[in-house]
Amino acid sequence: MNIPFIDLAAQQRIIRPGIDAAIDRVLHHGGYVMGPEVRELEAQLADFCGAKHALSCANGTDALQLAVMALGAGTGDAVFCPSFTFIATAEILPFFGATPYFVDIDPKTYNMDSESLKRAITAARTAGLVPRGVIPVDLFGLPADHHAIEEIARAEGMWIIEDAAQGFGGRIGTKVAGTFGDIATTSFFPAKPLGCYGDGGALFTENDETAALIDSYRIHGKGQDKYDNERIGINSRLDTLQAAILIEKLAIFAQEIEARNRIAARYSVKLGGFIQCPTVPEGTTSTWAQYTIVLPKSATRNVVQAKLQKDDIPTAIYYPIPMHAQTAYKHFPHDPSGMAVSDDLCHRVLSLPMHPYLEEAVQDQICASLIANVGTAATA
Ligand SMILES: *Cc1c(COP(=O)(O)O)cnc(C)c1O
């Protein structure tokens with residue numbers, strides 16, 4: 001049997017008639033760029049998370065770039081990012097001349113450690129940089145420690161961009177991921193919890209002026225119309241076809257988040273006694289973009305992964321190299337006390353198959369294989 005890591009086909013079997021009809025409508029009206037579905041999706045996304053403004057764009061990396069364009073950062077500015085994240089979180093900063101400043105993570109939540117953030121801010125200032133902004137990431141779907149980070153950022157006069165590429169739709173209490181920070185960004189890459197059938201992204205903000213700026217920047221810095229250019233912008237729009245597909249997917253997204261939580265809880269019950277499972281702080285809800293365990297120090301990850309593969313169980317490593325150790329980024333500064341947690345976890349994390357349609361029998365098979373193989377890998 002072929003166990004998929006993320007089963008997009010199972011989802012498609014359920015929504016295919018609606019997707020076909022939606023695509024057909026777009027082909028009929030022909031408004032391929034900024035068509036009616038784009039505005040409709042934006043209204044629905046804003047409604048879903050409770051944001052005042054939602055603005056779609058071409059992908060999650062552009063969303064981060066547009067957010068920095070709107071909030072501002074340049075030469076001499078430090079912008080703080082977790083090191084244990086997808087490369088896009090910090091990738092956009094050097095183009096502005098800004099310095100990505102890497103912060104370590106919490107060993108239980110895998111999210112930005114606010115104590116490490118404080119140390120990094122102090123060190124940045126000592127080095128003559130201006131602390132300008134912070135980009136907390138909702139890694140693997142779990143909202144970052146937004147309340148603590150917000151307190152630190154506000155005291156320093158820094159802006160905040162919530163990178164919710166993996167976490168859109170999660171919650172801290174009743175506040176939904178996509179509404180933290182001055183701007184929140186997300187990605188609709190197919191494998192994300194809310195994905196389209198290509199590239200896509202969005203930004204969220206409460207601020208009317210910020211929303212107007214983003215709307216201008218994403219369409220060549222347009223003023224009253226696109227041939228009146230008030231500022232230097234980019235071309236970053238969500239295709240109408242992708243918006244039409246996302247409307248169908250958003251309709252089942254809340255249900256899917258519930259299913260992901262049921263499946264994650266079941267993994268934790270089955271594996272908790274054997275392996276370090278992900279921690280979700282009290283009152284917080286994850287969207288479970290990934291279910292990521294930490295293998296014991298005694299187990300060799302390559303060996304465990306190969307043994308699981310022999311049982312036809314696919315796994316993935318997010319992320320094998322933290323940003324501060326990447327060739328293109330290692331000359332940028334990080335928390336002066338070191339990056340011990342990122343440096344350790346990158347060797348031990350393993351992400352298991354996770355999607356809303358994972359059947360219990362298959363999940364049982366994954367758990368049994370994992371428990372047996374971690375045991376033998378540890379004693380081998
Ligand atoms: C996927 C991802 C992005 C970038 O999104 P794209 O749509 O692939 O450009 C940014 N940040 C994080 C944390 C991501 O997982």
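Rule-based calculations on the coordinates, nothing more; no lab input. Source: prediction; values computed, not measured. Note that we place each Cβ from the backbone using ideal geometry, even for glycine, and neighbour counts take in every protein chain shown.
Starting from the range 195-270, pick out the chymotrypsin sites (Phe, Trp or Tyr not before Pro) whose DSSP state is loop and whose Cβ has at most 12 other Cβ atoms within 10 Å.
TYR227
Using a cut-off of under 16 Å, list every residue of the range 188-218 whose amide N is near the label point 7 Å from the Cα of LYS175 along the Cα-to-beta-carbon line.
204-207
For ALA372 and ILE232 in one chain, what is 0.36 nm times their gap in residues minus the Cα-Cα distance, to one decimal in nm?
Taking ALA372 through ILE232 to full extension adds about 44.7 nm, to one decimal.
From the P(r) of the range 171-302, can you give the percent of Cα pairs sitting at distances over 22 Å?
Result for the distance tail: 55 percent.
Which trypsin sites (Lys or Arg not before Pro) does the range 309-374 hold that lie in a coil by DSSP with at most 15 other beta carbons within 10 Å?
Those satisfying the criteria are LYS330.
Report, please, the projected area of the chain averaged over directions, based on the convex hull of its C-alpha atoms, in nm².
19.0
Based on alpha-carbon centroids, what's the gap between the range 341-380 and the range 267-291 in Å, whole number please?
12
Points 7 angstrom from Cα along the Cβ direction at LYS108 and ALA43: gap in nanometres?
Result for the modelled spin labels: 4.3 nm.
Could you compute the FRET efficiency for GLN326 and THR279, with r as their C-beta to C-beta distance and R0 at 22 Å, rounded to 0.05?
Calculated transfer efficiency: 0.25.
Note down the magnitude of the dipole of the range 7-46 about its Cα centre, charges +1 on Lys and Arg C-beta and -1 on Asp and Glu C-beta and zero elsewhere, to the nearest 20 debye.
60
Could you derive backbone 3J(HN,Hα) for the range 293-299 from the dihedral phi with the Karplus parameters 6.51, -1.76 and 1.60 (θ = phi - 60°), listing whole Hz in sequence and x where the residue is Gly or Pro?
Per residue, the Karplus-derived 3J(HN,Hα) values read 9, 10, 6, x, 4, 6, 8 Hz.
How large is ³J(HN,Hα), in whole Hz, for each residue of the range 360-368 in order, when computed from phi with the Karplus curve 6.51 cos²θ - 1.76 cosθ + 1.60 and θ = phi - 60°, using x for Gly and Pro?
4, 4, 5, 4, 4, 5, 4, 5, 4
Counting each DSSP H run of 4 or more residues in the chain as -39500 (n - 2.57), what helix-only mean residue ellipticity at 222 nm follows after dividing by all residues, to the nearest 500 deg cm²/dmol?
After summing the helix terms and dividing by the residues of the chain, the value is -13000 deg cm²/dmol.
Say the dipole of the range 1-117 comes from +1 at the beta carbon of Lys and Arg and -1 at that of Asp and Glu; which of PRO94, ALA21, GLY31 then lies farthest toward its positive end?
Farthest towards the positive pole: ALA21.
Can you compute the FRET efficiency between THR126 and LYS297 using 1/(1 + (r/R0)^6), with r the Cβ-Cβ distance and R0 = 25 Å? Round to the nearest 0.05.
With R0 = 25 Å, the Cβ-Cβ based efficiency is 0.15.
Read phi for every residue in the range 95-102 and hand back ³J(HN,Hα) as whole Hz from Karplus 6.51 cos²θ - 1.76 cosθ + 1.60, θ = phi - 60°, with x for Gly and Pro.
These are the phi-based 3J(HN,Hα) values: 5, 8, x, 6, 9, x, 10, 8 Hz.
For q values of 0.15, 0.22, 0.26, 0.28 Å⁻¹, compute log₁₀ I(q)/I(0) with the Debye formula on a Cα-only model of the range 105-176, without solvent.
-0.49, -0.97, -1.22, -1.33
Counting C-alpha atoms alone, how compact is the range 316-380: give Rg to one decimal and Dmax as a whole number, in angstrom.
Considering the range 316-380 through its Cα atoms, Rg and Dmax are 16.7, 47 Å.
Report the net charge of residues surrounding PRO131, where surrounding means a beta-carbon distance below 13 angstrom and charges are Lys +1, Arg +1, Asp -1, Glu -1.
Computed value for this residue: +3.
Roughly how many Å is it from the Cα centre of the range 180-211 to that of the range 57-101, as a whole number?
Cα centroid to Cα centroid, the span is 15 Å.
Beta carbons within 10 angstrom, averaged per residue: use that to sort the peptides 41-50, 72-81, highest first.
Result, highest mean Cβ count within 10 Å first: 72-81, 41-50.
Provide the percentage of antiparallel DSSP beta bridges, counting only those with both residues in the chain; round to the nearest 5.
Among the beta bridges of the chain, antiparallel pairing accounts for roughly 60 percent.
Can you tell me the length gained on complete extension of the stretch GLU258 to ASP311, counting 0.36 nm per residue apart and subtracting the Cα distance?
Extra length available between GLU258 and ASP311 comes to 16.3 nm.
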